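Read the structure below first, then the notes.
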Amino acid sequence: MAQRRACLLVLRHLGFSSQRRRLSAGSGLLPEYMKLVEKQKIRRDERQLGVVKRLQTLQDEIESYEGSRRESSFLAKLFRRSSDSSRVPKGMYLHGSVGSGKTFLMDLFFTSCVTPQKRRVHFNQFMLDVHARIHQLKKASGDRRIDPLLSVSREVASTALVLCLDEFQVTDVADAMILRHFFARLLDAGVVVVATSNRAPRELYKNGLQHRQFEPFIELLLDRCDIVELSSKDDYRRSKVPSSSYVM
């Protein structure tokens with residue numbers, strides 16, 4: 001007991017807290033969205049607002065998770081024991097019609113997310129980078145026991161607690177065959193994934209080669225991410241009225 005009290009005093013001195021850190025007043029995704037509405041930079045959209053509220057909840061969960069992960073890591077080093085892994089917040093897979101504002105909301109989420117450990121990238125570019133890293137690892141090491149997917153996922157996780165992937169679409173068989181194993185390792189490493197797509201999860205890689213081998217990835221996505229549909233009767237890309245086509 002005395003040891004735990006001493007540890008908590010050290011944590012407080014270093015700026016750690018078991019309680020959730022509070023965002024400063026007026027900050028966060030929801031307030032930022034409402035500010036844009038008030039300034040008539042965008043048009044209020046109730047469907048978007050529903051998604052914004054869910055993303056705000058995710059931001060709060062990430063903030064709490066990041067704090068508990070730092071505290072857990074510190075305790076593990078202090079007592080030389082394995083860190084108790086905090087439950088990683090579920091990510092979000094946001095899909096819907098073209099022009100509904102999916103990318104806009106993800107970008108607003110990304111810029112208002114307080115963690116510095118975040119990355120925003122187009123899905124295709126991300127996968128090109130993953131394949132390049134895998135190729136380099138295989139070329140550099142002749143040891144077949146090394147799992148390149150595990151190594152690359154750890155590299156990504158070391159710099160990105162939050163990973164935002166825009167325009168998630170699977171058309172390449174090489175991507176399809178590694179997604180299940182790679183993303184399982186990525187999520188197990190503690191990365192929170194937020195993705196946008198024009199396709200619902202079960203529509204991904206539809207009728208693609210060796211589709212049965214891709215199906216476990218769909219189940220992983222359904223299990224580890226909240227699946228949210230953003231539908232809109234408007235295509236904000238073509239609207240002349242101030243809307244969520246606003247570019248930050």
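Over all directions, the projected convex hull of the C-alpha atoms in segment 118-182 averages 4.6 nm² in area.
For the listed residue pairs K41/K102; K35/K102; K39/K102; K53/K102; K118/K138, the alpha carbons are over 23 angstrom apart in K118/K138. The accessible area of S151, taken with all protein chains in place and a 1.4 Å probe, comes to roughly 40 Å². In the full protein context, segment 104-248 carries 54 Å² of accessible surface per residue, based on a 1.4 Å probe and ignoring ligands, DNA and RNA.
Over segment 115-248, the fraction of Cα-Cα pairs per 5 Å bin, rounded to whole percents and listed from the shortest bin up, is 2, 9, 16, 21, 19, 13, 10, 5, 2, 1, 1, 0. Note on segment 101-149: Cα convex hull, mean projected area over all directions, 4.7 nm².
A straight chain from T171 to N198 at 0.36 nm per residue would run longer than the Cα-Cα distance by 8.4 nm.
The values are calculated or read from the model by the stated rules, or taken from the named source; none is laboratory data. For clarity, every value in this text was computed on a predicted model and none was experimentally measured. Remember, those area values only see protein heavy atoms, side chains included, never the ligands or the DNA or RNA. Shrake-Rupley method; radii C 1.70, N 1.55, O 1.52, S 1.80 Å.
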